[in-house]
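Worksheet: the structure to be examined is printed underneath.
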Amino acid sequence: MNIKNIFSAVAAAAMLTACVGDLNTIPLNPTDVTSETAYGADEEGYVQGLAKIYFQLTSNNTQDLQVADGGASEFIRAFWSTQEVTADGAKCAWGDAWVNDLNNNTWKGDVLNDAVYAVYVRTLQGITYVNEYLRQTSDDNLSSRGVSSEVAQKIQSFRAEARFLRAYFYWAALDTFGMVPFSTEDSPFGGGYNPPQKSRTEVFNFVVEELKALAASDSAMPAAQSNYPRADKGSALGLLARVYLNAEVYTGTAMWAEAKATCEEIYKLGYKLAPTHAELFRGDNGENPDAVGEFLFAASYDAESNQSYGGTTYLTLSTLSGDDGAINITGINGGWAGNRVPYEYVQKFFTDVKNPDYGTGAYEFKDKRAGYFYIKGRTESMQDNLNTFLNGWSCIKFNNVPHDTDPVDYSATAATKNFSDIDWPLIRLGEIHLIYAEACMHAGGDASVQLNALASRAGVSAPSTVDQDYLMAERARELMWEGHRRTDLIRYNKWISGYNWTYKGGNFGGQDLPAHFGVFPVPSTELSTNLDLEQNEGYARP
């Protein structure tokens, strides 16, 4: 189903085949497939409706999508691909046309790219689910169904979480596409209504106001660190800091003071850096209090109850091949031989890496974050063939082995794991420290405590100079493969020109991108079925 039809339909409240954290529920009766019949006087249906929205982050369901591979259509996997495979730190060996277009920055407006399409549909579909959820949980509807005051109070908290998820989807859409079809619970719906596209600035303003309201002391949003892995006030402030960080890109007006002040509000909430960087990305990170203590918002994955071919399963399985013995390395059964890090990225940002031995897989390093690479049997350069998996360095940052367990000792369990248990850290304190440092650089202030903490955890010296070059490199190290890179390079004015990376623009040595590549095209399927949609400037219509 295309976006036009999705917006015209009433979102069903029945939960799909997974749950998020403590949103464990049973499926609704098969006859209860409409919003009007899914909700009653009991809390259960409202929890299920909220779970459906959370599941939009990790769903492989392709009922409403025109894709051949459900795993590739998952929101987190698709958004990661548009952020990382298009940039300097990741290249995928698969020969699919859409993958090659991301690798080489050669996508077009009149040719459908599966990852770009999935980000578009998943975000706007999620917004539609939220709008319908808010309609169905209005005071009038709750009263007419005989919902008790106790349950109604809980539902106010659910509504706040749903609004946060809508803000998150709107942020991802405006970051990726610029103009976004815009609607809320108060918009017309059904009967073929097409929401109008709004500018980046208009959507930005809406997101900012929503997040400020949700973070306010009198909001129904759960308190910070009280609702893992679901959203809370810390999640709202974390996303707000990220949005302010990129305000100049989105609106033309920088908001460094606002970004700085938002980070300072977050610092009052008690989040702490995990003792080690690696434990943030291990199979027990959702159960490890040290890791959870750094997370402001995360997507929950579980090998048994929330199975997905996207997310952390993707970033665990796609980094090794079956011949690498992945069970004894990353704690999961199999290998997809896909994503690698270009050696040029390692050279530029992990300058302490020395003497790689591709026979034994050994190399020297000081920065503990450089310990994620796997190079045994690899060839250093991708120049001969971008689509040869063994060209480049594998990155095993996402690792399903529990943080306090030896991979070999875990191998028997790993043999039973076809999916990941690793929660995806969508917003974490390490990112907030870097936002704060960048805001202080522009607005004034001292972020030495935050930067020194990151350096200390990594086992390296504190920075002597904090400028854009340092922050660009430190974000490359601290946030490698966490879905930030394209946005970072755009903010630093390094995306279109001024910085070349491996296969940028289709050349091994890199070349400038067309000026309109700051946003992706509206997918051709949506343009062909909804003539009211405008294509982004510079891209052709189908």
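The values are calculated or read from the model by the stated rules, or taken from the named source; none is laboratory data. Note that the coordinates shown come from a computational prediction; the quantities given were computed from them, not determined experimentally. With ideal geometry, Cβ positions are generated from the backbone for all residues, glycine too; neighbour counts draw on all protein chains shown. These area figures cover heavy atoms from the full protein model, side chains too; ligands, DNA and RNA do not enter into them. Shrake-Rupley method; radii C 1.70, N 1.55, O 1.52, S 1.80 Å.
The set of residues in segment 296-330 that are outside any loop (DSSP other than H, G, I, E, B), within 27 Å of Leu165 (Cβ to Cβ) and open to solvent by 10 Å² or more (accessible area, probe 1.4 Å) contains only Asp302. The residues in segment 160-196 that are at pLDDT 95 or above, under 30 Å from Thr86 (Cβ atoms) and surrounded by fewer than 18 Cβ atoms within 10 Å (Cβ to Cβ) can be counted, and the count is 0.
Within the option set Ala231, Ala241, being in contact with a Pro (Cβ under 9 Å, 6 or more places away or on another chain), among the hydrophobic types (A, V, I, L, M, F, W, C) and closer than 12 Å to Leu296 by Cα holds for one residue only, Ala231. Checked against the criterion of being modelled with pLDDT of 95 or more, polar (S, T, N, Q) and farther than 13 Å from Phe281 by Cβ, segment 323-342 has at least one qualifying residue. Just wondering, is there one or more residues in segment 430-442 that are farther than 17 Å from Met255 by Cβ, not in a helix (DSSP H, G or I) and not basic (Lys, Arg)? The answer is no; no qualifying residue exists. Out of curiosity, is Gln535 over 21 Å from Lys91 (Cα atoms) and either in a loop (DSSP other than H, G, I, E, B) or open to solvent by less than 20 Å² (accessible area, probe 1.4 Å) (or both)? Yes; evaluated as a whole, the condition is true for this residue. Reported count of residues in segment 492-522, each being within 13 Å of Ala87 (Cα to Cα) and buried (at least 19 other Cβ atoms within 10 Å of the Cβ), is 6. Looking only at residues of segment 382-400 that are touching a Ser or Thr at 6+ places or on another chain (Cβ under 7 Å), in a loop (DSSP other than H, G, I, E, B) and open to solvent by less than 10 Å² (accessible area, probe 1.4 Å), we find that the one that is nearest to Glu482 (Cα to Cα) is Phe398.
When restricted to residues that are of a type in the set (A, V, I, L, M) and either farther than 30 Å from Tyr193 by Cα or in contact with a strand residue (DSSP E or B) (Cβ under 7 Å, 6 or more places away or on another chain) (or both), segment 483-542 contains 6.
The lone criterion from (1) in contact (Cβ under 8 Å) with a residue 24 or more places away in the chain; (2) out of contact with any Gly (no Cβ under 8 Å at 6 or more places or on another chain); (3) open to solvent by less than 10 Å² (accessible area, probe 1.4 Å) left unmet by His442 is number (3). Here Ser226, Ser157, Ser143 are screened, and the one residue that is surrounded by fewer than 22 Cβ atoms within 10 Å (Cβ to Cβ), more than 30 Å from Ser81 (Cα to Cα) and either at pLDDT below 95 or over 25 Å from the mean Cα position of the chain (by Cα) (or both) is Ser143.
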